[in-house]
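Visitor: Please read through the structure below; I'll follow up with questions.
Just so it is clear, none of the values below were taken in a lab; they were calculated from the coordinates. Owing to the predicted nature of the structure, the values given are computational and were not obtained by experimental measurement. As a convention, Cβ positions derive from the backbone with ideal geometry for all residues, glycine included, and neighbour counts pool all protein chains shown.
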């Protein structure tokens, strides 16, 4: 799908391409016969004959896809074509193709293999994005900027505080995705109803051998309709997409010319507009927002697929398969876009300070009220502060200047506000340093957690 590809990445398109999925199914079929051969359930020559033909390039993949809807599963035409091909070279081996497994075993395990590769790629890019954010936070100490609530300027924070607000959810997602992957990426082998009755006393041995062949852990039991671990992994991807969308939204807002605080570095003409040369569009933010926009719907659809009937469901399982790769593609699309956009952003700290100063000190009005209330009482303080704010809004000067005038005119007793307190009240550099201090420990912890992830690559 044209616009689906726009929201994904070449890497994810390759991992979940028809040829790649068919090859993963072939890998499962090859591992299945090798495992059963080692267990003495078929001749090794038959296993070798079958495994040698489990190569997707030998088959017409588009024709397999075309046959899948009528068969009810991509596994059925794939197995049939494999069996026919084996029969051409070794008729005696053909009887052993796909023995003791069901279609869902093959497809689920193939999707586990594809998802493992997809998550390995995603893990690298998520760590790289987190590294960009960590570096951004480390390089900017005590940089004042406006905190904004309800889309309006609020109080002063720091750039480091803002970036840590972006970073920490992504660090948690990097860790959580690994944990959910360890639980979800397991062998699926249950046969028609999950009991592996046809394997009899060899069921556990064959399962272990097959898991070893594929490098997958065993499940505690067949999970044909136990989709909880699988969907928890999807849900964490959805949570990560939400965090990525928040970063993208903030970057787009900070790049507005009226704000102009963080702008994507212009590379390869990205974001330029020929018709409107004064524009520089936040392309990375746009792509990330678009890619994450449908993640909640994907996750909701996957949750809806959990109500599978009895021991193997009907329509829910195919619907789940259809949603899965799109969720993975969108998640990676957002990651790649933000990784590119935050690799070397144009951070305009002077504009951050100018936007703070443009508020004429009103960002300190609450702090002023907190200082005066114990000394002047609630009623007098409220009236005094509101009068000062009104003067600022009338253009008489900044809040700092209005407070100083009120003290000089004895409207505010000199004993109510010391010179040192007045200076500290409007010291935005000190306020930014305070904001930094609130995340200083987290800054160190984030670095350590990312180092721990890098030291143990995704398996």
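Visitor: Sort the following peptides by mean Cβ neighbour count (other Cβ atoms within 10 Å, averaged over residues), highest first: 172-180, 376-384.
Guide: Top to bottom by mean Cβ count within 10 Å: 172-180, 376-384.
Visitor: Please give, to one decimal in nm, the separation of the simple spin-label points placed at residue 212 and residue 281, each 7 Å out from Cα toward the Cβ.
Guide: Using points 7 Å along Cα→Cβ, the separation is 5.6 nm.
Visitor: Mind sorting 401, 448 by how few other Cβ atoms lie within 10 Å of their own Cβ, fewest first? Intermediate values should be presented prior to the final figure.
Guide: Numbers: 401 16, 448 9.
Neighbour counts put them in this order, fewest first: 448, 401.
Visitor: Shifting gears a bit: For the range 362-425, what is the relative contact order in percent, using Cα pairs closer than 8 Å and at least 6 residues apart in sequence?
Guide: Values: 35 pairs, mean separation 22.6, N = 64.
Here the relative contact order equals 35 percent.
Visitor: Taking the chain as the reference, fit the longest principal axis to its C-alpha atoms, fit the long axis of helix 399-408 to the helix C-alpha atoms, and give the angle between the two in degrees, 0 to 90, nearest 10.
Guide: 30
Visitor: Still on this model: Calculate how steeply helix 103-139 sits against the longest principal axis of the alpha-carbon atoms of the chain, using the helix alpha-carbon long axis, and give the answer as 0 to 90 degrees to the nearest 10.
Guide: Between the helix axis and the principal axis of the chain, the angle is about 20 degrees.
Visitor: In addition: Order these by the 10 Å Cβ neighbour count, fewest first: 45, 37.
Guide: Working: 45 12, 37 20.
Lowest to highest Cβ neighbour count: 45, 37.
Visitor: Sort 3, 426 so that the residue with the fewest other Cβ atoms within 10 Å of its own Cβ comes first and the one with the most comes last.
Guide: Working: 3 8, 426 19.
Listed from fewest to most nearby Cβ atoms, that is 3, 426.
Visitor: Please determine, in degrees from 0 to 90 and to the nearest 10, the orientation of helix 18-38 with respect to the longest principal axis defined by the Cα atoms of the chain, where the helix direction is its Cα long axis.
Guide: 50
Visitor: Same structure again: If you take the Cα atoms of the chain, find Rg, then find the Kirkwood Rh from the mean of 1/r over all pairs, what is Rg/Rh?
Guide: Working: Rg = 30.2 Å, Rh = 26.0 Å.
Rg/Rh for the chain comes to 1.16.
Visitor: Highest first, please rank the peptides 122-130, 323-331, 13-21, 214-222 by the mean number of other Cβ atoms sitting within 10 Å of their residues. Working shown, then result.
Guide: On the way: 122-130: 21.2, 323-331: 23.7, 13-21: 17.7, 214-222: 15.3.
Ranking, from highest mean packing down: 323-331, 122-130, 13-21, 214-222.
Visitor: Hey, what did the chain get for relative contact order, percent, Cα under 8 Å, at least 6 apart?
Guide: Once normalised by length, the contact order is 20 percent.
Visitor: Oh, and also: At 222 nm, what value in deg cm²/dmol follows for the chain if DSSP H runs of at least 4 each add -39500 (n - 2.57) and the sum is divided by all its residues, to the nearest 500? Could the numbers behind the result be given before it?
Guide: Working: 21 runs with 301 residues, N = 459.
So the helix-based figure for the chain works out to -21500 deg cm²/dmol.
Visitor: Sticking with this one: If I take every Cα pair under 8 Å that is 6 or more residues apart in the range 142-237, average their sequence separation and divide by the length, what percent do I get for the relative contact order? Before the final figure, lay out the partial values.
Guide: On the way: 77 pairs, mean separation 25.6, N = 96.
Averaging sequence separation for qualifying contacts and normalising by length gives 27 percent for the range 142-237.
Visitor: Could I ask something else about it? Name the shape class, rounded, prolate or oblate, that the alpha-carbon gyration tensor gives for the range 362-425, where a ≥ b ≥ c are the square roots of its eigenvalues, rounded holds for a/c under 1.5, and otherwise prolate holds if a/b is larger than b/c and oblate otherwise.
Guide: On the way: a/c = 1.39, a/b = 1.23, b/c = 1.13.
Rounded.
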